[in-house]
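Comments concern the structure below.
The values are calculated or read from the model by the stated rules, or taken from the named source; none is laboratory data. Only a predicted model underlies this, so the values are computations on that prediction, with no experimental measurement involved. Please note: Cβ atoms are built from the backbone with ideal geometry, for glycine as well, and neighbour counts cover all protein chains shown. Remember, those area values only see protein heavy atoms, side chains included, never the ligands or the DNA or RNA. Shrake-Rupley method; radii C 1.70, N 1.55, O 1.52, S 1.80 Å.
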There are 2 protein chains.
Amino acid sequence: MELWFTEKQTPALGITCKVLQTLHREKTPFQEIAVLDTEQYGRMLVLNGMVQLTIGDEFIYHEMLAHVPLHSHPAPRHVLIVGGGDGGTAREVLRHPQVEKVTLVEIDRRVVDVSRHFLPEVSCSFDDQRMEVLFEDGVTYLLGRQAEYDIILVDAPEPIGQAARLFSREFYEGVLRALRPDGIFAAQTESPFVNSDLIARVYREVRGIFPMARLYLAPVPTYPSGLWSFTIGSKHYDPELPLRESGLEGSLRYYNAGVHKAAFQLPNFVRKLLDGEVRPGDVK
Amino acid sequence: MELWFTEKQTPALGITCKVLQTLHREKTPFQEIAVLDTEQYGRMLVLNGMVQLTIGDEFIYHEMLAHVPLHSHPAPRHVLIVGGGDGGTAREVLRHPQVEKVTLVEIDRRVVDVSRHFLPEVSCSFDDQRMEVLFEDGVTYLLGRQAEYDIILVDAPEPIGQAARLFSREFYEGVLRALRPDGIFAAQTESPFVNSDLIARVYREVRGIFPMARLYLAPVPTYPSGLWSFTIGSKHYDPELPLRESGLEGSLRYYNAGVHKAAFQLPNFVRKLLDGEVRPGDVK
């Protein structure tokens, strides 16, 4: 018997992976969590039927969400991660010895528990002394903070249901307040092929709120279309330039200083999307 | 009723697309050709069950295969395309007014016929006066040429069966001979996620034959893993630098000078693959 898991990434597009074993399935008050062992990409974390990460390609997403903003800040001491309950983003943040404290706010405690059990390569960050883990609503938490963080990373799932608030103007204004005067914010913002309307709207809002807004791209094979975007808002430092020689490149599998700068070199169709020349929805 | 086309890109990974209509299917002496109308990416050309192009994302592959080498050559007058029977690569080459003649050598006349009928946006190049189309074996043709071309582009299908010869050392040596003394060669060389052994071998051979060898990357959503590689061999000009202001950027959807340079900034895992630090097969 062959077992295949198919995620319908859009109503008309899917990725399908051969499954060696279903390791875990449960329904929490927040979502359905599953862990599959796939032949192509190794273990896979699936939330509400959508691939959250696989061992085979998670390094790209997590390295690019964390290391681009962290390399653009001269002294990233206190970092807030909203979401990211699998621990992968925190793992990358904690590679920087300047980081003194990481606060991770995850709404669903079971994501952390399941990741710690089934995905030790990803969740190893939870054993670090610098980690503070809070199980509560990320938006509510953030809106109560002021000038506390050097870096805020939003590692949120698709903007559906509860998670939609993590892509709202109110939230981005809260991010601005919660950052120190030279802070940097980065968020995953989906695919320019299948979520162009979201990218255009988020970019417009972040540009209206932050002194500097930029979009950068990285390939993530198991995410819809395989091309992923991150939106960055910066209060002071130019996020396109890696400021520091972190000495980390030898231990990273995707990120390096060349890749950092290259990720901001946008293809024409993405540039036009941000410039408002293409109406959201025009770019397939 | 819902009709879905699934390509098993590897024995354990697939892409699946909702099909509005099957427009064409035939078996030629060389392969099975199909044209599907998909909801997500528009019309799709399928050869032997493998996605060759879709209207929704072909611009990336064709622009990057053509414009990177053509922008690195000061006077690309005569261009040879091996394969590329859909006409997409030729369409991009012909945007350069310096190009005086494009010779396209396609083994299967039916690919050209079917593309002209069903994919006019892609095959429009065949109406250009500068096009010469030959229906014969690309390897045999190439091995008989000497110092004729400024640019040679290999737009070949997966290296299976007949097409495997287009990825051989003998062929690359023929490419070197067929190029003029300052010529540039570029070929599609599959995905660093699922074809790492091929990429490492081709790069090693091209580096051994050409004064300069480089790899560059671009995202192609409907190809396996969504991340695609191109290998370039150059006799004289540095392929990483766009030499000419072509004035074409306004009409292109992916390529620009920033993207050209960025495409050569390789992630660590791809660098290691080329440096031989990772054994082919280690990188999933």
- Query: So is B:Val133 touching a Leu at 6+ places or on another chain (Cβ under 8 Å), among the β-branched types (Val, Ile, Thr), open to solvent by 10 Å² or more (accessible area, probe 1.4 Å) and not in a loop (DSSP other than H, G, I, E, B) or not?
  - Reply: yes
- Item | Residue count, the range B:236-254 (criterion: farther than 18 Å from B:Arg214 by Cα, in a loop (DSSP other than H, G, I, E, B) and not polar (S, T, N, Q)) | 7
- Message: With the structure loaded, tell me whether B:Phe193 is assigned by TED's automatic domain parsing to the domain that holds B:Val154, closer than 30 Å to A:Gly247 by Cα and among the aromatic types (Phe, Trp, Tyr) or whether it fails that test.
- Response: yes
- What residue, of B:Ser225, B:Ser234, B:Ser229, is more than 10 Å from chain A (Cβ to nearest Cβ) and within 21 Å of A:Trp228 (Cα to Cα)? B:Ser229
- Of the numbered conditions (1) of a type in the set (D, E, K, R); (2) buried (at least 17 other Cβ atoms within 10 Å of the Cβ); (3) part of a strand (DSSP E or B), B:Glu190 satisfies every one except a single condition; which is it? (3)
- Of residues in the range A:260-279 being facing chain B (nearest Cβ under 8 Å) and among the small types (Gly, Ala, Ser), the one farthest from the chain's Cα centre (by Cα): A:Ala262
- Can you name every residue in the range B:33-59 that is more than 24 Å from B:Asp150 (Cβ to Cβ) and of a type in the set (A, V, I, L, M, F, W, C)? B:Ile33, B:Ala34, B:Val35, B:Leu36, B:Met44, B:Leu45, B:Val46, B:Leu47, B:Met50, B:Val51, B:Leu53, B:Ile55
- Within the range A:6-38, can you find the residues that are touching a residue at least 12 places away in the same chain (Cβ under 8 Å), open to solvent by 40 Å² or more (accessible area, probe 1.4 Å) and either assigned by TED's automatic domain parsing to the domain that holds A:Asp108 or of a type in the set (Val, Ile, Thr) (or both)? A:Thr22
- Message: Would you confirm, using the coordinates I've provided, whether B:Ala178 is surrounded by 20 or more Cβ atoms within 10 Å (Cβ to Cβ) and out of contact with any Pro (no Cβ under 8 Å at 6 or more places or on another chain)?
- Response: yes
- Of residues in the range A:202-231 being in contact with a Ser or Thr (Cβ under 8 Å, 6 or more places away or on another chain) and among the aliphatic types (A, V, I, L, M), the one surrounded by the fewest Cβ atoms within 10 Å (Cβ to Cβ): A:Met212
- Query: Got a number for residues in the range B:165-175 being among the aliphatic types (A, V, I, L, M) and open to solvent by less than 10 Å² (accessible area, probe 1.4 Å)?
  - Reply: 1
- Can you find a residue in the range A:39-46 that is under 28 Å from B:Met44 (Cα atoms), surrounded by 23 or more Cβ atoms within 10 Å (Cβ to Cβ) and without any contact (Cβ under 8 Å) to a residue 60 or more places away in the chain? yes
- Note on the structure: Among strands (runs of 3 or more DSSP E) entirely within the range A:1-113, at least 2 residues that are away from chain B (no Cβ under 14 Å) occur in A:13-27, A:32-38, A:42-47, A:50-54, A:78-83, A:101-105
- Query: Scanning for something modelled with pLDDT of 95 or more and either within 14 Å of chain A (Cβ to nearest Cβ) or touching a helix residue (DSSP H, G or I) at 6+ places or on another chain (Cβ under 6 Å) (or both), does the range B:241-251 turn up at least one residue?
  - Reply: no
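Determine whether A:Ala257 is touching a residue at least 40 places away in the same chain (Cβ under 8 Å), more than 22 Å from A:Leu166 (Cα to Cα) and in contact with a Pro (Cβ under 9 Å, 6 or more places away or on another chain).
Yes.
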